[in-house]
Amino acid sequence: MPRTNVLSGSVRPIHTHSTAREIHSSVRESNPRMATHLLSSSSSTICSSRFNQIPNSIHAFIHPVKPYNLTSNSQNPKRCSSIPTNLACLCSKSKLSCHSTTTKAVISEIPYQNQKYSKIGALSVGPIPSAKLLESVEIAAKTGAQVVMEAVNKPRNISYKGLTDLVTDTDKMSEVAILSVVRKNFPDHLILGEEGGVIGDSSSDYLWCIDPLDGTTNFAHGYPSFAVSVGVLFRGKPAAAAVVEFVGGAMCWNTRIFSAVAGGGAFCNGQKIHVSQTDKVERSLLVTGFGYEHDDPWATNMNLFKEFTDISRGVRRLGAAAVDMCHVALGIVEAYWEYRLKPWDMAAGVLIVEEAGGTVSRMDGGNFTVFDRSLLVSNGILHAKLLEKIGVATEELKGKGIDFSLWYKPNDYNTEL
């Protein structure tokens, strides 16, 4: 029986319109400083390649999209059912005023399951219509994912940010590709990338949080739990998100894309998704993660790992935060928690979970922001029960003087937090 594409049900040959090298050339022309900065620590290059199959979700270069009209009726944007095929410039004119007319997020079809925890999604997505913002985020994530797909079966050129914290040429090239999309469409927006840091106008109401390769260690080993994650905040709160997850394994890689816009629901490959309805911890499958520093939070979470392993169906540690959160949204696991994450780890995933009907908070149960240092996401039903252990453990860490203040927020960035 022939193997089929898990996204479309058919086998399709790859049609790579632009290679990573061409993407980098485009960025070098528009932003040479950033292109040089991202690639300065690497001497190798990523060349174009062809694969026998291409995931249906990785058609990153899309046909031109009509410039949006801020006066148009965009109160109820429809879900984009497909992504066209050439790079688009959504913002062909001068800078937008982020303090002008705003587009309110549509009311979610899924009621918030536990009113004790505040919603983390933006109440408004600003002057950019919801459908356009969502489409832009999806394009950006798919563009980065195409770079990763070109490199996934090739030898890795690995360097280190710490003793065990890896970075590859692919991380850098993926970020360059994503930046080329964002800067072309929204030159006045602020960007926070894992590899490139802060770029752009800090007075903007929009902040793009980019993880060009979440789960770099898994990627380096060919282990199937990594993704490209792109989230955009409006005044500090998640407004739109896309995560392209790599699935399969060596010689049979494929992808699926998770996406959400504030108030519009969560989707996987265009199909609406919802968190699980499991109401007992002993019937749940849980996920957590561990940072690179073996400090007090690491030790505390190791104990939590052991405790929940004893009372649940199991606790997994897959090594890619964005993927873990998407699995909660998809309903195949019930919860995920971790200390010491960064905004680019969380910005996309938390919105996808919330829009799938889940609950998001800090690990002490407090109201969450993308700039916080701890995260618990769940199907909502189990949230309070999980906090009976996770919350107590986190309070003990705070009592030891562990810093749980906001991790990082770009200077002068305007938020409603």
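The values are calculated or read from the model by the stated rules, or taken from the named source; none is laboratory data. As the structure is a computational prediction, the values presented were derived from the model and not from experiment. Virtual Cβ from ideal backbone geometry, glycine too; neighbours counted across all protein chains shown. Just so you know, the surface numbers come from the protein's heavy atoms only, side chains and all, with ligands and any DNA or RNA stripped out. Shrake-Rupley method; radii C 1.70, N 1.55, O 1.52, S 1.80 Å.
Being of a type in the set (D, E, K, R) and out of contact with any helix residue (DSSP H, G or I) (no Cβ under 6 Å at 6 or more places or on another chain) is the filter; apply it to the stretch 341-361 and report the residue that is surrounded by the fewest Cβ atoms within 10 Å (Cβ to Cβ).
Checked the stretch 341-361; the qualifying residue surrounded by the fewest Cβ atoms within 10 Å (Cβ to Cβ) is Lys342.
Within the stretch 307-314, can one find any residue that is under 22 Å from Phe404 (Cβ atoms), open to solvent by 10 Å² or more (accessible area, probe 1.4 Å) and assigned to a helix (DSSP H, G or I)? Break it down into steps so the answer makes sense when it comes.
If we filter the stretch 307-314 for residues that are under 22 Å from Phe404 (Cβ atoms), which is where we start, we get 307-308.
Filter once more, keeping what is open to solvent by 10 Å² or more (accessible area, probe 1.4 Å): 307.
Now restrict to residues that are assigned to a helix (DSSP H, G or I): 307.
So far as the stretch 307-314 goes, yes, one or more of its residues are under 22 Å from Phe404 (Cβ atoms), open to solvent by 10 Å² or more (accessible area, probe 1.4 Å) and assigned to a helix (DSSP H, G or I).
Go through the stretch 282-300 and count every residue that is more than 23 Å from the chain's Cα centre (by Cα) and within 18 Å of His383 (Cβ to Cβ).
Of the residues in the stretch 282-300, 3 are more than 23 Å from the chain's Cα centre (by Cα) and within 18 Å of His383 (Cβ to Cβ).
Report, by residue number, each residue of the stretch 275-292 that is surrounded by 15 or more Cβ atoms within 10 Å (Cβ to Cβ) and not in a loop (DSSP other than H, G, I, E, B).
Val281, Leu285, Leu286, Val287, Thr288
Can you pull out the residues in the stretch 241-292 that are under 27 Å from Met149 (Cβ atoms) and β-branched (Val, Ile, Thr)?
Scanning the stretch 241-292 gives Val243, Val244, Val247, Thr255, Ile257, Val261, Ile273, Val287.
Looking at (1) open to solvent by 10 Å² or more (accessible area, probe 1.4 Å); (2) over 15 Å from Lys119 (Cα atoms); (3) touching a strand residue (DSSP E or B) at 6+ places or on another chain (Cβ under 8 Å), can you tell me which one Gly331 breaks?
Only one criterion is unmet by Gly331, namely (3).
Which of the strands (runs of 3 or more DSSP E) contained wholly in the stretch 156-214 include at least 2 residues that are at pLDDT 85 or above and of a type outside the set (Lys, Arg)?
Ranges flagged: 190-193, 197-199, 206-214.
State the number of residues belonging to the stretch 361-417 that are closer than 17 Å to Gly231 by Cβ and of a type in the set (Lys, Arg).
The number of residues fulfilling the criteria is 1.
Give the residues of the stretch 189-209 that are open to solvent by 10 Å² or more (accessible area, probe 1.4 Å) and farther than 16 Å from Asn411 by Cβ, sorted by residue number.
Matches in the stretch 189-209: Glu194, Glu195, Gly196.
For the stretch 253-272, how many residues meet the condition of being under 12 Å from Glu354 (Cβ atoms) and either assigned to a loop (DSSP other than H, G, I, E, B) or in contact with a Pro (Cβ under 9 Å, 6 or more places away or on another chain) (or both)?
Total satisfying the criteria: 6.
Could you give me the residue pairs with C-beta distances under 6 Å whose first residue belongs to the stretch 309-320 and is farther than 12 Å from Glu338 by Cα, whose second residue is part of a helix (DSSP H, G or I) and polar (S, T, N, Q) wherever it lies, and which are 6+ apart or on separate chains?
Matching pairs, first to second residue: Val315/Thr309.
Can you tell me which residues in the stretch 293-304 are assigned to a helix (DSSP H, G or I), closer than 21 Å to Lys342 by Cβ and either at pLDDT below 95 or open to solvent by 20 Å² or more (accessible area, probe 1.4 Å) (or both)?
Result: Asp296, Trp298, Ala299, Thr300, Met302.
Among the numbered conditions (1) under 29 Å from Leu386 (Cα atoms); (2) polar (S, T, N, Q); (3) open to solvent by less than 10 Å² (accessible area, probe 1.4 Å), tell me where Thr255 comes up short.
(1)
For every residue, the table says whether it meets (1) modelled with pLDDT of 95 or more; (2) over 23 Å from Asn269 (Cβ atoms); (3) open to solvent by less than 10 Å² (accessible area, probe 1.4 Å); (4) part of a loop (DSSP other than H, G, I, E, B).
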{"position": "Ser108", "(1), (2), (3), (4)": "no, no, no, yes"}
{"position": "Gln115", "(1), (2), (3), (4)": "no, yes, no, yes"}
{"position": "Pro127", "(1), (2), (3), (4)": "yes, yes, yes, yes"}
{"position": "Lys142", "(1), (2), (3), (4)": "yes, no, no, no"}
{"position": "Lys154", "(1), (2), (3), (4)": "no, yes, no, yes"}
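So if I check each of Asn411, Asn379, which one is in contact (Cβ under 8 Å) with a residue 60 or more places away in the chain and either open to solvent by 40 Å² or more (accessible area, probe 1.4 Å) or of a type in the set (Val, Ile, Thr) (or both)? Reasoning before the result, please.
Numbers: Asn379 fails: either open to solvent by 40 Å² or more (accessible area, probe 1.4 Å) or of a type in the set (Val, Ile, Thr) (or both).
Selected residue: Asn411, the only one of Asn411, Asn379 that is in contact (Cβ under 8 Å) with a residue 60 or more places away in the chain and either open to solvent by 40 Å² or more (accessible area, probe 1.4 Å) or of a type in the set (Val, Ile, Thr) (or both).
Looking at the stretch 320-417, what helices (runs of 4 or more DSSP H) fall wholly within it and have at least 3 residues that are more than 18 Å from the chain's Cα centre (by Cα)?
In the stretch 320-417, 383-399 are the helices (runs of 4 or more DSSP H) which contain 3 or more residues that are more than 18 Å from the chain's Cα centre (by Cα).
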